[in-house]
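The values are calculated or read from the model by the stated rules, or taken from the named source; none is laboratory data. Note that this is a predicted model, so its numbers are computed, not measured. Cβ coordinates were reconstructed from backbone atoms using ideal geometry, including for glycine residues, and neighbour counts include every protein chain displayed.
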């Protein structure tokens, strides 16, 4: 609590260190109404790095027609070159053409975005699950041949707005196929935020039984029903050490009736600091960054920790 | 997920049933700016009971000067008489005079409000911890002699805004004294919301070692830093089966920079339903009640589950 931090009291059975995969600049800004200027994005990512984050998903090389918020990937990415030594800067690529654009600019890490359900694959990618995996196959192969690290996002791992609860076996099957394509890492997404801790454990257990190593998994929880942090705790207790989060909870509008946002990085760091788990993140600097970004977006942060700490600091 | 509920997937080492101690009508409304008319409070409590809650803290017999929001305890409590068969309706009493007023009206359960720290005892009760315990002693004795159940709130169990982190041994010592006075049940309050799961476990372990039975304990977490639900999960994993929560997150203003609100009952029920833990609560009816109450207060609920479900229902 001193200096705006909780008292560290470790708990048994938890990892000593967690790697935060910061998604605010990509997943967060992609889901904000406001389109942020390129120089603000570049400053945002530099500030995130200055706060100690070492994995910062930077942008998406998707067609501007689909994601106008990130249409400036080509001009943004080179502005991050000075960070490349100490910080991983993965970028999302939807297909072979996106990969080519990213690699021309020197990207060393990419991510592809798959779905555990047919209806979301259709809605998001306009393809079946099989067709989307077929689309990813040459992308992953070409990336790996060039020594580029590949993350596979797997969305709708717990529930789907059309299909309801998603069976563990179905998620495990798609996860196995992404692994077989060559993905180095998978991020398990609770895209609509319905998961609870027992479901998280059941999926992680199922993946382990299917031979997917726990240290190749990240978890990506949404706070739609306020469950993101308790699900994260359950994942940490299972041995997961990579957690996706979004600075300031970017991507979830605090005034929308349905706040569908990502877990806020600050809320996550508060818990991890309290558990004595190392993250390398300076919570005060991170909070200041999110307050600054909220100002750029013209609205307060939905992160409870940001609101509490920024109030205290005034 | 069907019908606005998560898929139940039990997890090992958790209780089969949790008793929710609903504090919205007392702790929640006490901390709202708007003073709610008596008949609205009565309807609120009846709706909470209709949603399946069986422990509903009803009001406080404190001097109206200190808590004007609850100045109508004498006229409200008799309006709840029809609930008394199936629902426990504890009331807060600050002292002997409050106890006499409550017992005259037939209250069968009371609560006293203590502090683990000297500075909060001074700020809230204008007494030292010793003096406050001395004030509670005859209250608890008289209540128990009349067969009235006594809950002891213990606030500032993890951190204190003036003193910082609160040592476990200090909390255990005050808890022991409340037990020795005769409190049937203790509610461990994280009044400023700074706790994290390891700290929760450490306190529960310390209390167990000091001979305080886990089944006499409730937990009362605040969501100031977004930690309430993960702390609840840690407490459930330790064997706690009584959890305090506030319908719709009452008591925390969604527009305040520092949302100091209680854990929202709906967010709690979502997690418990997902874990297959029985609560007896109908989440749809509870959410409808909180939406109605938010209308009475003229602002949206800060509960993420309420916002998500009420959006879906429209």
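To keep it simple, each residue is scored yes or no on (1) closer than 16 Å to residue A:25 by Cβ; (2) modelled with pLDDT under 95.
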{"site": "A:43", "(1), (2)": "yes, no"}
{"site": "A:46", "(1), (2)": "yes, no"}
{"site": "A:57", "(1), (2)": "yes, no"}
{"site": "A:64", "(1), (2)": "no, yes"}
{"site": "A:84", "(1), (2)": "yes, yes"}
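The number of residues in segment B:78-96 being under 25 Å from residue B:145 (Cβ atoms) and assigned to a loop (DSSP other than H, G, I, E, B) comes to 8. One residue alone among B:184, B:180 is modelled with pLDDT of 95 or more and either within 19 Å of residue B:239 (Cβ to Cβ) or surrounded by 24 or more Cβ atoms within 10 Å (Cβ to Cβ) (or both), and that residue is B:184. Evaluating residue A:127 against the criteria (1) in contact (Cβ under 8 Å) with a residue 12 or more places away in the chain; (2) surrounded by 14 or more Cβ atoms within 10 Å (Cβ to Cβ) leaves one unmet condition, (1). Taken over segment B:29-71, the criterion of being out of contact with any helix residue (DSSP H, G or I) (no Cβ under 7 Å at 6 or more places or on another chain) and closer than 19 Å to residue B:113 by Cα is satisfied by B:31, B:55, B:63, B:64, B:65, B:66, B:68, B:71. Candidates are the residues of segment B:180-211 that are in contact with a strand residue (DSSP E or B) (Cβ under 7 Å, 6 or more places away or on another chain) and part of a loop (DSSP other than H, G, I, E, B); the one that is nearest to residue B:19 (Cα to Cα) is B:184. When residue B:75 is tested against (1) at pLDDT 95 or above; (2) assigned to a loop (DSSP other than H, G, I, E, B); (3) away from chain A (no Cβ under 14 Å), only condition (2) is not met.
Pull up segment A:1-16, narrow it to residues that are in contact with a strand residue (DSSP E or B) (Cβ under 8 Å, 6 or more places away or on another chain) and touching a residue at least 40 places away in the same chain (Cβ under 8 Å), then point me to the one that is surrounded by the most Cβ atoms within 10 Å (Cβ to Cβ). Even if it seems obvious, please write down each step before you answer.
Restricting attention to segment A:1-16, the residues satisfying the condition of being in contact with a strand residue (DSSP E or B) (Cβ under 8 Å, 6 or more places away or on another chain) are A:1-2, A:6-7, A:16.
Subsequent filtering for residues that are touching a residue at least 40 places away in the same chain (Cβ under 8 Å) retains A:6-7, A:16.
On the way: A:6: 28, A:7: 21, A:16: 9.
By that ranking, first place goes to A:6.
For residue B:93, indicate whether it is within 14 Å of chain A (Cβ to nearest Cβ) and either without any contact (Cβ under 8 Å) to a residue 24 or more places away in the chain or under 22 Å from residue B:221 (Cα atoms) (or both). In short, no. When residue A:171 is tested against (1) more than 23 Å from residue A:109 (Cβ to Cβ); (2) touching a strand residue (DSSP E or B) at 6+ places or on another chain (Cβ under 8 Å); (3) without any contact (Cβ under 8 Å) to a residue 60 or more places away in the chain; (4) at the interface with chain B (Cβ under 9 Å from one of its Cβ atoms), exactly one condition is not met: (4).
Inspect all residues belonging to segment A:220-235 and state whether any of them is more than 9 Å from chain B (Cβ to nearest Cβ) and part of a helix (DSSP H, G or I). For segment A:220-235, residues more than 9 Å from chain B (Cβ to nearest Cβ) and part of a helix (DSSP H, G or I): present. As a summary of the residue check, residue A:147 satisfies the conditions (1) in contact with a helix residue (DSSP H, G or I) (Cβ under 9 Å, 6 or more places away or on another chain); (2) part of a loop (DSSP other than H, G, I, E, B) except for the one numbered (1).
For segment B:17-46, name all the residues that are over 17 Å from the mean Cα position of the chain (by Cα), assigned to a helix (DSSP H, G or I) and either farther than 25 Å from residue B:270 by Cα or in contact (Cβ under 8 Å) with a residue 12 or more places away in the chain (or both).
Going residue by residue through segment B:17-46, those that are over 17 Å from the mean Cα position of the chain (by Cα) are B:17, B:33-40, B:42-43, B:46.
Narrowing further to those that are assigned to a helix (DSSP H, G or I): B:38-40, B:42-43, B:46.
Those that are over 17 Å from the mean Cα position of the chain (by Cα), assigned to a helix (DSSP H, G or I) and either farther than 25 Å from residue B:270 by Cα or in contact (Cβ under 8 Å) with a residue 12 or more places away in the chain (or both): B:38, B:39, B:40, B:42, B:46.
Is it the case that residue B:215 is surrounded by fewer than 24 Cβ atoms within 10 Å (Cβ to Cβ) and either more than 12 Å from chain A (Cβ to nearest Cβ) or within 21 Å of residue B:155 (Cβ to Cβ) (or both)? Walk me through how you get there before you give the answer.
Values: surrounded by fewer than 24 Cβ atoms within 10 Å (Cβ to Cβ): yes; either more than 12 Å from chain A (Cβ to nearest Cβ) or within 21 Å of residue B:155 (Cβ to Cβ) (or both): yes.
When the stated conditions are applied, residue B:215 passes them.
Note on segment B:251-289: among residues that are more than 8 Å from chain A (Cβ to nearest Cβ), at pLDDT 95 or above and in a loop (DSSP other than H, G, I, E, B), the one that is surrounded by the fewest Cβ atoms within 10 Å (Cβ to Cβ) is B:280.
From the list A:189, A:193, the one residue that fits, being touching a residue at least 12 places away in the same chain (Cβ under 8 Å), buried (at least 24 other Cβ atoms within 10 Å of the Cβ) and more than 9 Å from every other protein chain (Cβ to nearest Cβ), is A:189. Inspection of segment B:161-172 finds a residue satisfying the criterion of being closer than 12 Å to residue B:116 by Cβ, surrounded by fewer than 24 Cβ atoms within 10 Å (Cβ to Cβ) and modelled with pLDDT under 95.
Outside any loop (DSSP other than H, G, I, E, B) and under 25 Å from residue B:287 (Cα atoms): is that true of residue B:99 in this structure?
Spelling it out, it is not the case that residue B:99 is outside any loop (DSSP other than H, G, I, E, B) and under 25 Å from residue B:287 (Cα atoms).
Would you confirm whether or not segment B:148-155 contains a residue that is more than 24 Å from residue B:84 (Cβ to Cβ) and more than 16 Å from the chain's Cα centre (by Cα)? Checked against the condition, which is being more than 24 Å from residue B:84 (Cβ to Cβ) and more than 16 Å from the chain's Cα centre (by Cα), segment B:148-155 yields no hits at all. Residue B:66 fulfils the conditions (1) within 16 Å of the chain's Cα centre (by Cα); (2) farther than 16 Å from residue B:293 by Cα except for a single criterion, (1).
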